[in-house]
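Notes to accompany the following structure.
The values are calculated or read from the model by the stated rules, or taken from the named source; none is laboratory data. This is a predicted model, so every value here is computed, not measured. When we count neighbours, we look across all protein chains shown, and the Cβ atoms used for this are built from the backbone with ideal geometry, even at glycine. We work out accessible area using only protein heavy atoms, side chains counted, and drop any ligands, DNA or RNA first. Shrake-Rupley method; radii C 1.70, N 1.55, O 1.52, S 1.80 Å.
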Amino acid sequence: MQKLLSRIQLAVKLVCSISIALMAAVVFIQVVNRNVFDSSFKWVEELSTMCMVCITFLGAALATSLNAHTRIELFVDLLPGKLPQLIFAAGDLLCAAFCVALVFYCWPLIMGNLYTMSPAMKLPLAINYIVFAFSMLLSAVYLVLRLINRFKGEAPDEKSVAKEDK
């Protein structure tokens with residue numbers, strides 16, 4: 001299971017990297033085209049928006065897998081004993097439930113926009129919602145796994161990402 005999740009994590013990194021590069025390239029081409037040739041492509045805004053959705057939500061899932069989301073731990077760290085671990089576990093459980101709820105409420109948007117095409121690229125508008133739902137589902141999986149590992153006693157230190165970055 002861990003091997004599968006690390007491969008998914010690598011795939012998400014790859015998709016985010018390609019999305020950033022693609023968005024930068026097409027926006028640069030659009031700027032040059034507008035300023036030099038006085039014309040523009042109709043599809044650039046749509047493609048850059050789809051890339052931004054991928055970067056934002058897949059990046060959030062990636063940050064969840066790395067335990068890299070920002071949180072304020074000052075007061076929680078002052079609590080005695082195992083109470084900080086319980087609070088972090090409750091936070092992970094609450095976030096996982098919220099992610100699953102978002103997937104549940106996103107489903108009608110996916111189904112409603114499956115056959116609605118974007119004006120220039122003729123791609124289903126549901127792509128953005130599918131990326132969002134997948135990202136939230138992936139985040140929920142990572143949160144639940146972190147919660148399970150926390151109760152097994154295998155959870156990494158809450159500040160492990162900051163330590164690894166140095």
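Residues of region 9-38 being open to solvent by 50 Å² or more (accessible area, probe 1.4 Å) and touching a helix residue (DSSP H, G or I) at 6+ places or on another chain (Cβ under 8 Å), which ones?
Listed by number, the residues that qualify are 13, 15, 20, 22, 27, 29.
Of all residues in region 50-99, which are in a helix (DSSP H, G or I) and β-branched (Val, Ile, Thr)?
53, 55, 56, 64, 76, 87, listed by residue number.
In this structure, is residue 102 among the hydrophobic types (A, V, I, L, M, F, W, C), assigned to a helix (DSSP H, G or I), open to solvent by 30 Å² or more (accessible area, probe 1.4 Å) and touching a residue at least 40 places away in the same chain (Cβ under 8 Å)?
Answer is no for this residue.
Which pairs do you get when a residue that is modelled with pLDDT of 80 or more, found in region 60-87, comes within reach of a residue that is open to solvent by 80 Å² or more (accessible area, probe 1.4 Å) and assigned to a helix (DSSP H, G or I), reach meaning Cβ atoms under 7 angstrom, with the pair 6+ apart or on two chains?
From region 60-87, the pairs are 62/13.
To keep it simple, each residue is scored yes or no on (1) at pLDDT below 80; (2) surrounded by 17 or more Cβ atoms within 10 Å (Cβ to Cβ); (3) farther than 16 Å from residue 100 by Cβ; (4) out of contact with any strand residue (DSSP E or B) (no Cβ under 9 Å at 6 or more places or on another chain).
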{"site": "117", "(1), (2), (3), (4)": "no, no, yes, no"}
{"site": "126", "(1), (2), (3), (4)": "no, yes, yes, yes"}
{"site": "131", "(1), (2), (3), (4)": "no, yes, yes, yes"}
{"site": "137", "(1), (2), (3), (4)": "no, no, no, yes"}
{"site": "142", "(1), (2), (3), (4)": "no, yes, no, yes"}
{"site": "148", "(1), (2), (3), (4)": "no, no, no, yes"}
{"site": "153", "(1), (2), (3), (4)": "yes, no, yes, yes"}
{"site": "156", "(1), (2), (3), (4)": "yes, no, yes, yes"}
{"site": "161", "(1), (2), (3), (4)": "yes, no, yes, yes"}
